[in-house]
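Here, each number is a calculation from the coordinates, and none is a lab measurement. Predicted, not measured: the structure shown is a model, and the values here were computed from it. Ideal geometry is used to build each Cβ from the backbone, glycine not excepted, and the neighbour counts take in all protein chains shown.
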Amino acid sequence: MKYIPTIGIECHVQLATKTKLFSEVDNDARNKEPNSCVSPVDYALPGMLPRLNGEAIKFAILAGKAMNCKINNYSRFDRKHYFYPDSPKGYQITQFYHPIIGEGYVELPSGRRIRIEHAHLEGDAGKLTHFDNYSLVDLNRVDTPLIEIVSMPDIHSAKDAHDYCKELWRLMIFAGVSYGDLYNGNMRFDVNTSIAPEGSDQLGTRTEVKNLNSFRSVERAIEYEIARQTKVLESGEKVKQETRGWNDATGKTTAQRSKEEAKDYRYMPEPDLPPVNLTDESIKKEAEKLPLMPHDYREKFGDIIASDILEILLDYPELTKKINEVEQKYVKNISNLFTSVLLAEEKSAEYLNDLPSAKQLSDLAEMNEKKELSSTGTKEVFLKMFDPQMKGRDAKTIAKELGVIQENDLGALEQIVDTVLAKPETKKAQEDFRNGEEKVIGFLVGQVMKESHGKANPSAVQQILRQKLA
Amino acid sequence: MDIKREDILHLADLSDFSLSDTEIDSLGGDLKEIIKYISQLEELDTDNIEPTYQVFEMENVWREDEIKPQDATRDELLALTKEEKDHQIKVPKVL
C-alpha cells in the first residue's frame, strides 16, 4: 500500500534583541561565562516582575510580515506551568490564547506554499548539561525572546520539510530578527510526522521528534520516521503517539520515556504583563521596515541569475543585498564571483561583513567583460579587494598593481606574435599547424602568452595566429 | 463532587508536593469543601462578560531594549542555590 506522509513543524527562533524578553540583561550569551547574563528576574527571585521588551514586539511584527502573516492587534501573555530545573519560575511565559502573529504562509523555492497556523512570543528556558549523577544549570538563555512558528500540516515530504525550515531561516535572517546561528541553537525544530494510506481522509497517528537543529537532521529524521511508520503499519501494528529522540550519529529515532500522565500545563493569564494592543498604524509603520525578502529577489533576479546560483546567494543576505546594488548588467558576472570565488575562500565568513563597494565590483565586472582582465586576472583582482592593504582601491588600480591587465591592443599583440613566430623553436609547430594539426595552436598561444608575461588576451592571440598562419 | 485519591496525587505531582497518607486523606475532604465554596460563583451569569485578566486596565507597557547594570551579581545569585559547581547550579540528575 502507498502511504502519504503528513508533516507539521514547530520552529523556535531566538530573536536578536539586545536584552532579554523580560529583563534588561545581555541577550547575547555566546562565548559568555555560565550564569553571567542573569538578572534577579530571570532567577525568579520572589517579588521580581517581568518588564516586556518593546523591541521584541517590533521583531515579532517583522517576522510575521516576512511570513505573510496577519499581525493581531491584541495579544497577551500566559503562564505555562511545569517543573524542570531549566526554568526557575516554575512556568514559561508564552502566548497561549492570544498570539501576536496570526495566519500566513511561507512560499518554498519550488513555489509550494506552506500555511502558518500562528506564531507567538515566549521566553526560552535555561540550558542543562547532564553528567553521570547530576545536572548543571546555566540560566543565560532563560527568557531569551523566542517566536514559536507553528505550521499547518501542509508538508508531505522530507525534502519539502527541509526546504520549509531553510526558507524560514532565510526569512528570519533577511528580516534581521535573528542571527540564525543554527550551531548555537538560534533555531530549533520540532517535527510531527504521520502517514496515512493514499486516498484516506484521516491522518495517521503522529510522532514528534523534538529539538532538531539543522535542516539536514529535519530531513533525515522525517525520512527515518516515514520508513519506520510504514514498516509498523505493514506488519499490522499501530503507530504509537509518542515523542522520539533523534540521534544524528546513528541516523535513527528512538522512543523516549513517555510521561505516564498527559501534559497538564494549567495555562493562566500572566497577571504581571499588561496586554499588547497595537493600532493598525503602528503595525503598518513597523511592517514598512521589512527589507526585500528572498521571494522578492527571486522575482527580481530569476531571469538573470541561474536558479542554483541564486539559491546559494540567498543563504547570504550580505551577498544578495550587494548584488542588488551593482549595475544590473553585471549582476550575473558578480554573482558568479561571489559563489565560485568568494565562498570558496577559507576566510569567506569574515569577508561577508566587509564586502567591496558596488562601484568597485561593477568596475571589475566591466574590465572582465571588456576582456581587459582574463578570468584568472578578474579572480585575482577580486580577492585583492579583501586584502587590508588594497581595500578601497578601485579595480583598475589593483589590476595595474598586480600587472594583470590583458594586452588587447591588436598592434602590440601582433608584434609579440611576430617575435614568437620568428623563433626557431616554433617553426615545427607552425608547419604542423599548416599541415592541419589543429591542436598545436595551443602550444603557440602558450608561447605568445609567455612572451607577453601572461598579459595577452588568449582569444585575441589565437585570432591573430590563425590569420598569420592561414 | 468527590475528590478521588488519584486526583490528589495528580495535583500533588503537578505542584511538586510530596504528601503523606494522612495528608492525602484530610486534603480530600478539604478540597471538596473548597470547591463547593468556589462553586458558588457558578451561579452568576457570565455570558457576554469579558474575562478580567488584570485589574489595572493598563496596555502596551514596555521598555527600551537597553542593557542595564543589575543589582545582583552572579556570585550573589549563585550563593542562593543549594549547591554550585563551575558557576552553574548543581541539581540532581534529570533527563
(message) Need one value for A:134-140: mean number of C-beta atoms belonging to other chains within 10 Å of its residues' C-beta atoms.
(response) 6
(request) State to the nearest 20 debye the size of the charge dipole of the range A:294-402 about its Cα centre, where the only charges are +1 on K and R beta carbons and -1 on D and E beta carbons. (result) 380
(request) Pull out a ≥ b ≥ c, the square roots of the eigenvalues of the alpha-carbon gyration tensor of the range A:162-316, then state rounded if a/c is under 1.5, prolate if not and a/b is larger than b/c, and oblate in the remaining case. (result) oblate
(request) Per DSSP H run of n ≥ 4, the term is -39500 (n - 2.57); total these for chain A, divide by its residue number, and report the mean residue ellipticity at 222 nm rounded to 500 deg cm²/dmol. (result) -10500 deg cm²/dmol
(request) Identify the chymotrypsin sites (Phe, Trp or Tyr not before Pro) of the range B:16-95 meeting these criteria: DSSP loop state and at most 14 other C-beta atoms within 10 Å of the C-beta. (result) B:17, B:56
(request) Return the long-range amide H neighbours of residue A:268 (sequence gap of 5 or more, or a different chain), with a cut-off of under 5 Å between placed amide H atoms. (result) A:79
(request) For peptide B:4-14, compute the average count of partner chain beta-carbon atoms within 10 Å of each residue's beta-carbon. (result) 1
(request) Using the structure shown, list the pairs from A:300/A:332; A:252/A:347; A:252/B:90 with a Cα-Cα distance above 23 Å, or answer none. (result) A:252/A:347; A:252/B:90
(request) Work from the charge dipole of the protein assembly as shown (Cβ charges, +1 for Lys and Arg, -1 for Asp and Glu, about the Cα centre) and give the residue of A:226, B:78, A:377 farthest towards its positive end. (result) A:377
(request) Evaluate the charge dipole of the range A:1-145 about its Cα centre and quote only its size in Debye, nearest 20, assuming +1 on the Cβ of each Lys and Arg and -1 on the Cβ of each Asp and Glu. (result) 560
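Provide the percentage of antiparallel DSSP beta bridges, counting only those with both residues in chain A; round to the nearest 5.
Around 95 percent antiparallel, to the nearest 5.
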(message) If you take each beta carbon of peptide A:81-90 and count the beta carbons of other chains within 10 angstrom, what is the mean?
(response) 2
(request) May I ask which of A:65/A:159; A:166/A:238; A:379/A:423; A:89/A:284; A:20/A:284; A:32/A:58 have a Cα-Cα span longer than 29 Å here? (result) A:166/A:238; A:379/A:423; A:89/A:284
(message) Straight-line reach from residue A:428: which lysines fall under 17 Å, measuring Cα to Cα and dropping same-chain residues less than 8 apart?
(response) A:439, A:468
(request) With a ≥ b ≥ c taken as the square roots of the eigenvalues of the C-alpha gyration tensor of chain B, please select rounded if a/c is under 1.5 and otherwise prolate if a/b is larger than b/c or oblate if it is not? (result) oblate
(request) Go ahead and run the numbers for FRET between residue A:179 and residue A:347, Cβ-Cβ distance against an R0 of 22 Å, rounding to 0.05. (result) 0.70
(request) Kyte-Doolittle cut-off 1.0, length cut-off 27 Å along the helix's own axis using Cα: show which whole DSSP H helices in chain A pass. (result) none
(request) Sticking with the crude label model, points 7 Å out along Cα→Cβ, report the distance from residue B:22 to residue A:32 in nm, one decimal please. (result) 5.0
(message) I need the P(r) histogram for chain A: all alpha carbon pairs, bin width 10 Å from 0 out to the longest distance, whole percents.
(response) 4, 16, 21, 20, 15, 10, 8, 5, 2, 0
(request) For an R0 of 56 angstrom, estimate the FRET efficiency from the Cβ-Cβ distance between residue B:42 and residue B:79 and round to the nearest 0.05. (result) 0.75
(message) Under a crude label model (7 Å from the Cα following the beta-carbon direction), how far is residue A:328 from residue A:467 in nanometres?
(response) 3.6
(request) Assuming R0 = 25 Å, can you tell me the calculated FRET efficiency for the pair residue A:238 and residue A:210, based on Cβ-Cβ distance, to the nearest 0.05? (result) 0.70
